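Working notes for the structure below.
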Amino acid sequence: MLSAAAGNVRTGAKGDRSRRSWRAHVVPLCFVAPAALLLGIWLIYPVLYTVVRSFFDRSGEHWIGVGNYVELFTSDFLVTAIKNNALWVAVVPAVVTAFGLILAVLTERISWGTAFRLVVFMPMAISLFTAGVIWRLVYEKEPDRGALNAVIAAGQETLRPAGKLAEAVPSTSAVREQPAGGLALAKSLSPGDVALLGLTQIPTSEVPKGGVDAVRPRSLSSGVTGVVWRDFRPGGGAPGRVERGELGLGTVAVELRDERGQMISETTTEIDGTFAFEQVPRGSYVVSIAAQNFERPFEGIAWLGASLITPAIMIAYTWVWTGFALVVIAAGLAVLPRELLEAARLDGASESQVLRHITVPLLAPVLTAVFVTMLINVLKVFDVVLAIAPGSVQDDANVIALAMWRTAFGGKNDFGLASAIAVLLLVLVLPSLFLNMRRFRRQA
Amino acid sequence: MTASGIPINNRPNLPRSPVAAALLRSVARTPLNVLLATVALLWLIPTLGLFLTSLLSPVEISQGGWWRVLSQPALLTVENYKDILANEAITSALTTTLWVSVGGTAATLLLAAFTAYAFAWLEFPGRDWLFLCVVALLVVPVQMTLIPLFSLYNNVGLFDTVLGLILFHTAFGLPFSIFLLRNFFLGIPKDLFEAGRIDGGSTLQLFWRIALPLGRPALASLAIFEFLWNWNDFLIALTFGRDTQVVTVAIFSQLRQYGSNIELIAPASFLSLALPLVVFFAFQRSFASGLLAGSVD
């Protein structure tokens, strides 16, 4: 290796040899000194200080030994953070690496693979904080604001549409709520009886347009008849009686059950609200408005609530980092020996066999690098948690880096304990230092 | 892309024309194309949602989701952007972010280039140990430095200043930058330096005339990388600033009263990610190669 020192010695005359070698040391030092100074003040001194500080109490005046470390593993606040971080470590690096691998293999087979990788990689350019804001919008609870719940609501609406009587309640105590859902006449009926099922509190928006007045049906000697109607008219009206100006409720599902609850027959109401069960044998029966009429509309999953917050943040984080895994693994894939893969395919290996027995083993170093990088990233996760988790669930979403910040700067102002948390973080990422060292030695 | 096309071409009775063959291949891959198109949409929609929300008036935002604009484009308006560009807190945050990012990037690159050159081509006592030390510093979590530097910043008046943020970013950008540039400089042929030395070039001249120009690709991707890293920072600016706010911190302080002021958060967030996206799309090649250099051998 050519170096200033060697060069100078070679050309230097006897007399000024010592002066030259002095210069040969000074020049490199001038190159290195500014950076060394910055690294010394901003990195090395703080690391040493933090380690020492972690053995002192909040005020920094009293040595308390491992007191802070004991608290680290006993206080609820911190144990939650450590547990959550363990979940992050267990789930996210593996998922991100797997996604990256699958997408890298698949994009090789489409003509627009470059464009696809660009799209998936794009979130990497955005700050983790802003990515958090983006996902906080996605996770809004009301289905008409949060995109995710909107999609679920649309799916729900096709599978189990909301009933048009979702808000309705009985107008009199003659109609009662049933344990299984739906409303039934409290009194049991026999053939020849007429069931009056009056409902109120139906919002004007839900009242059918072009509806007709309810009609009290005639009784049927061998059957049960009845009416479902809006037992309310402008000005009031008497509850329990079918009056002029009160609308019949059409297309409502009505059920006839025997006394043991066994379904005998079901029908739907006419436009004037009337219905009839014909040819009913003697006996006593219960008439009810079926439960599905009262099915409430989907109200949204609380993604930002205490129980789902950590998975929700993990999804956002995976969205950000999959692009990284994809691009790195695709680059590794591009330099794999194609002949090997082709040979296996010609020998009749299925695509999944090729992937499992050839691609993955050959890619092992790249996959490991991605996995380890993600492991370290996940241990330090911070921005995205603070951006997505509303203040009320930050305790539930807590992770080590966030716990450290909140302990030091978020109101607790306990620099001793916060230092101990930072040291824990350092100890956890330390194994990656040895990996770095090994890589460096291999290169050197 | 050609790999699994082979079986199709082997069958004798298929059309020979390349257009027909390509058509057949794409039909055979329709399920895969649909699947990947769905994935691509999943990756685009969240950001699109933020963008379209930022283009809705506050009244419309409270009435329902951004997807309504797909059927009612008339709802779109740039009012929110006009408002936040008149909002002093946001504009000054954007300016601060720009200063911090540019300053931090320039300082990191300059210092790292000198240091990396010394590590690669100069001889001095303890060189390899020092470099090992730099490699070790690569893994230090920011959290390890926050508390002592918070006290230090308060004592020397760096707290809540743009300079304080620039110095912090510079120091934290150094280990990676030195590592990357040293490896790059080592790849420059030795003969070039020897020839320069024989022509009477000083160490500084060799650095300036040979190493820096040849190192341009590495410096470029490093510059993009550092710029984005600084621009996207949240934790450091949150800890070491109060009135000196970068844009992520400014948004965060709005986020605390979330729901009422989404018409401010959405456009501000979009502005804060617009520049990185432009940088990313303009320099995607350098960006990806910088990333690769950082993570894989």
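Provide the percentage of antiparallel DSSP beta bridges, counting only those with both residues in the protein assembly as shown; round to the nearest 5.
On the way: 26 of 32 bridges.
Counting DSSP beta bridges with both partners in the protein assembly as shown, the antiparallel share is about 80 percent.
Based on the Kirkwood radius over alpha-carbon pairs, what value in µm²/s does the Stokes-Einstein equation return for the translational diffusion coefficient of the protein assembly as shown at 20 °C and 1.002 mPa s? Can you show the working numbers first?
Numbers: Rh = 31.0 Å.
Answer, rounded: 69 µm²/s.
If r is the Cβ-Cβ distance from A:E167 to A:I264 and R0 is 41 Å, what FRET efficiency results, to the nearest 0.05? Present the calculation step by step, with values, prior to reporting the outcome.
Numbers: r = 29 Å, r/R0 = 0.70.
In this case the efficiency is close to 0.90.
Taking Rh as the Kirkwood radius, which is the inverse of the mean 1/r over Cα pairs, what is the Rg/Rh value for chain A?
Rg/Rh: 1.24.
Please give the contour-minus-distance gain from A:A302 to A:T114: 0.36 nm per residue of separation, less the Cα-Cα distance, rounded to one decimal in nm. Walk me through the numbers before you get to the answer.
Values: separation 188, 0.36 × 188 = 67.68 nm, distance 3.64 nm.
Net length gain for the segment: 64.0 nm.
Sticking with the crude label model, points 7 Å out along Cα→Cβ, report the distance from B:R242 to B:V27 in nm, one decimal please.
In this crude spin-label approximation the distance works out to 7.2 nm.
Could you tell me the relative contact order of chain A? Use alpha-carbon pairs under 8 Å, at least six residues apart, and round to a whole percent. Can you show the working numbers first?
Values: 699 pairs, mean separation 100.2, N = 444.
Relative CO of chain A lands at 23 percent.
What number results when the radius of gyration of the range B:84-295, computed over Cα atoms, is divided by 2.2 N^0.38 Å?
On the way: Rg = 19.8 Å, N = 212, 2.2 N^0.38 = 16.8 Å.
Against the empirical 2.2 N^0.38 Å value, I get 1.17 for the range B:84-295.
Cut-off under 22 Å on the C-alpha distance; same-chain residues fewer than 8 positions from A:K209 excluded. Which lysines are left, in chain and number order?
Excluding near neighbours in sequence, the set is A:K164.
Report, ordered by chain and residue number, the lysines lying within cross-link reach of A:K83, taken as a straight Cα distance under 25 Å and ignoring same-chain residues fewer than 8 apart.
Output for A:K83: A:K380, A:K412.
Inside 10 Å of the C-beta atoms of A:328-337, what's the mean count of C-beta atoms belonging to other chains? Each step should come with its number before you reach the end.
Details: counts 6, 1, 1, 6, 2, 0, 0, 0, 0, 0.
Taking all residues of A:328-337 together, the mean is 2.
Considering only B:T77, A:F73, A:P46, whose Cα is most displaced toward the positive end of the charge dipole of the protein assembly as shown, charges sitting on Cβ of Lys, Arg (+1) and Asp, Glu (-1)?
A:P46
Tell me, what is the FRET efficiency for A:M437 and A:L29 to the nearest 0.05, using R0 = 30 angstrom and their Cβ-Cβ distance as r? Spell out each step's value before the answer.
Working: r = 25 Å, r/R0 = 0.82.
Rounded to the nearest 0.05, the efficiency is 0.75.
Partner chain Cβ atoms within 10 Å, averaged over the residues of B:104-117 - can you pull that number for me? Before the final figure, lay out the partial values.
Values: counts 0, 0, 0, 2, 2, 0, 2, 9, 1, 2, 7, 9, 3, 3.
Average neighbour count from other chains, rounded to a whole number: 3.
Which of B:V142, B:V27, B:V39 ends up with the largest GNM mean-square fluctuation for chain B, with Cα atoms connected below 10 Å?
Sorting by GNM fluctuation, first place goes to B:V27.
Quickly work out the A:I271-to-B:K190 label distance, labels modelled 7 Å from Cα along the C-beta direction, and quote it in nm with one decimal.
Rounded to a tenth, the inter-label distance reads 9.8 nm.
Given labels modelled 7 Å from the Cα in the Cβ direction, how far is it in nm from A:R241 to A:F409?
Each label point lies 7 Å from its Cα, and together they span 7.4 nm.
Other chains' Cβ within 10 Å of A:112-118 residues: what's the mean? Each step should come with its number before you reach the end.
Numbers: counts 4, 2, 1, 1, 6, 3, 5.
If you average over the peptide's residues, the count of other-chain Cβ atoms is 3.
Taking the Cα centre of each part, how many Å lie between the range A:278-317 and the range B:169-203?
First find each Cα centre; the distance between them is then 67 Å.
Percent of Cα-Cα pairs more than 21 Å apart in the range A:222-340, please. Provide the component values of the computation, followed by the final result.
Working: 4640 of 7021 pairs.
For the range A:222-340, the fraction of Cα-Cα distances above 21 Å is 66 percent.
Given a 10 angstrom Cα cut-off, can you work out which residue in B:T248, B:T108, B:T77 is the most mobile in a GNM of chain B?
Of the options given, B:T77 has the highest mean-square fluctuation.
At q = 0.14, 0.19 Å⁻¹, work out log10 I(q)/I(0) for the range A:263-420 with the Debye formula, treating every Cα as an identical point scatterer and leaving solvent out; two decimals please.
Taking Cα atoms of the range A:263-420 as identical point scatterers yields -0.88, -1.17.
Once you keep just the Cα pairs under 8 angstrom separated by 6 or more residues, what percentage relative contact order results for chain B? Show your work: numbers first, answer last.
Values: 248 pairs, mean separation 76.2, N = 297.
Taking the mean separation of contacting Cα pairs over the length of chain B, I get 26 percent.
Cα centroids of the range A:332-392 and the range A:230-271: how far apart, whole angstrom?
That distance is 62 Å.
Pick from B:T53, B:T105, B:T95 the residue whose mean-square fluctuation is largest in a GNM of chain B, springs joining Cα atoms under 10 Å.
Looking only at B:T53, B:T105, B:T95, the largest GNM fluctuation is found for B:T95.
Show me the trypsin sites (Lys or Arg not before Pro) within the range A:143-218 that DSSP assigns to loop and that have at most 10 other Cβ atoms within 10 Å of their Cβ. Don't skip to the end; give the middle numbers.
On the way: sites: A:R145, A:K164, A:R176, A:K187, A:K209, A:R218; in loops: A:R145, A:K164, A:K187, A:K209, A:R218.
Counting only loop positions with at most 10 other Cβ atoms within 10 Å, the trypsin sites (Lys or Arg not before Pro) in the range A:143-218 are A:K209, A:R218.
If the viscosity is 1.567 mPa s and the temperature 4 °C, what Stokes-Einstein diffusion coefficient in µm²/s follows for the range A:169-294 when Rh is the Kirkwood radius over Cα pairs? Can you show the working numbers first?
On the way: Rh = 14.4 Å.
The diffusion coefficient I find is 90 µm²/s.
Can you tell me the order of A:64-76, A:109-121 when each peptide is scored by its average per-residue count of other Cβ atoms within 10 angstrom, highest first? It would help to have the intermediate numbers written out before the result.
Details: A:64-76: 14.4, A:109-121: 17.8.
Per-residue Cβ counts within 10 Å, averaged per peptide and sorted highest first, yield A:109-121, A:64-76.
Just so you know, all these numbers are worked out from the coordinates, no wet-lab data involved. The structure displayed is predicted, hence computed values, not measured ones. Ideal geometry is used to build each Cβ from the backbone, glycine not excepted, and the neighbour counts take in all protein chains shown.
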